[in-house]
Amino acid sequence: MLVLTFDDGPSRSLTPELLKLLNSYGAKASFFMLGRNVRRNADIAKAVAQEGHDVGCHSEEHLNAWKVSPWKAVADIDAGYRQLSPWVPANGMFRPPHGKMTLPTYLAVHNRKAPISWWTLDSGDTRTPLPRPQEVVADVVREGGGIVLMHDLDRSPERNGFVLETTSLLLRAAATESIAVRRLSEIRH
């Protein structure tokens with residue numbers, strides 16, 4: 001099974017391109033959005049949800065819980081859920097910014113009864129230098145699938161191109177290798 005996940009969006013240019021690409025394969029993905037980006041791109045967040053993709057909370061400002069006070073990190077989570085409330089219920093999926101949690105942030109999410117959504121393979125789209133998209137695909141094929149972390153925020157053309165190419169190659173490989181493409185919400189039950 002392959003689960004494509006995209007953090008930090010929605011973005012004005014990359015997210016619509018991803019939606020077109022996913023649609024061309026008849027595939028669904030899971031998007032973990034930031035409240036601050038939803039404020040600027042609510043129409044795109046709405047499109048993601050209307051097209052049947054998962055929408056989860058990634059906080060409001062993407063604060064690293066290890067680097068800010070506990071109350072500030074918890075407030076960031078709560079603000080993200082408030083901003084995303086048209087598409088994410090109070091107990092909707094949560095992915096911690098930077099993959100970092102503390103006891104207070106864990107308890108805040110736990111008290112919401114919200115599932116914490118991790119990944120099994122980081123695409124490397126935040127690294128310098130970027131890996132080759134084919135390496136990411138080879139890792140997924142070797143593992144027989146996985147939950148792949150990517151980002152859908154507008155960055156350099158090189159990084160956005162990497163995300164689009166990697167997504168396309170992963171979808172192609174899934175079809176060739178008979179790996180089912182699913183949303184995170186589909187594998188939780």
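With respect to I116, is the statement that it is touching a Phe, Trp or Tyr at 6+ places or on another chain (Cβ under 7 Å) and surrounded by fewer than 19 Cβ atoms within 10 Å (Cβ to Cβ) true? So I116 passes the test.
Kindly check whether there is at least one residue in the range 98-111 that is in contact with a Pro (Cβ under 6 Å, 6 or more places away or on another chain) and either among the aliphatic types (A, V, I, L, M) or modelled with pLDDT under 95 (or both). Checking the range 98-111: not a single residue is in contact with a Pro (Cβ under 6 Å, 6 or more places away or on another chain) and either among the aliphatic types (A, V, I, L, M) or modelled with pLDDT under 95 (or both). The residue that is nearest to P97 (Cα to Cα), counting only those in the range 1-16 that are more than 15 Å from the chain's Cα centre (by Cα) and of a type outside the set (S, T, Y), is R12. Inside the range 170-189, residues that are surrounded by fewer than 17 Cβ atoms within 10 Å (Cβ to Cβ), closer than 20 Å to F31 by Cα and not basic (K, R) make up a count of 4. Check whether at least one residue in the range 41-54 is closer than 17 Å to H151 by Cβ, out of contact with any Lys or Arg (no Cβ under 9 Å at 6 or more places or on another chain) and not basic (K, R), and report yes or no. Checking the range 41-54: at least one residue is closer than 17 Å to H151 by Cβ, out of contact with any Lys or Arg (no Cβ under 9 Å at 6 or more places or on another chain) and not basic (K, R). Inside the range 1-23, residues that are more than 18 Å from V88 (Cβ to Cβ) and of a type in the set (G, A, S) make up a count of 1.
May I ask you to say which residue of V109, V136, V140 is in contact (Cβ under 8 Å) with a residue 60 or more places away in the chain, touching a helix residue (DSSP H, G or I) at 6+ places or on another chain (Cβ under 7 Å) and not in a strand (DSSP E or B)? Within the list V109, V136, V140, the selection yields V140. Within the range 160-189, residues that are on the phi < 0 side of the Ramachandran plot and assigned to a loop (DSSP other than H, G, I, E, B) reach partners that are among the β-branched types (V, I, T) and open to solvent by less than 40 Å² (accessible area, probe 1.4 Å) with beta carbons closer than 8 Å, at six or more positions or on different chains, in the pairs I179/V140; R183/V3. From the residues in the range 143-163 that are at pLDDT 95 or above and in contact with a helix residue (DSSP H, G or I) (Cβ under 6 Å, 6 or more places away or on another chain), which one is surrounded by the most Cβ atoms within 10 Å (Cβ to Cβ)? Of everything passing the filter in the range 143-163, D152 is surrounded by the most Cβ atoms within 10 Å (Cβ to Cβ).
The values are calculated or read from the model by the stated rules, or taken from the named source; none is laboratory data. On a predicted model such as this, the values are computed, not experimentally measured, just so you know. Glycine also receives a Cβ, built like all others from the backbone with ideal geometry; neighbour counts cover every protein chain displayed. We work out accessible area using only protein heavy atoms, side chains counted, and drop any ligands, DNA or RNA first. Shrake-Rupley method; radii C 1.70, N 1.55, O 1.52, S 1.80 Å.
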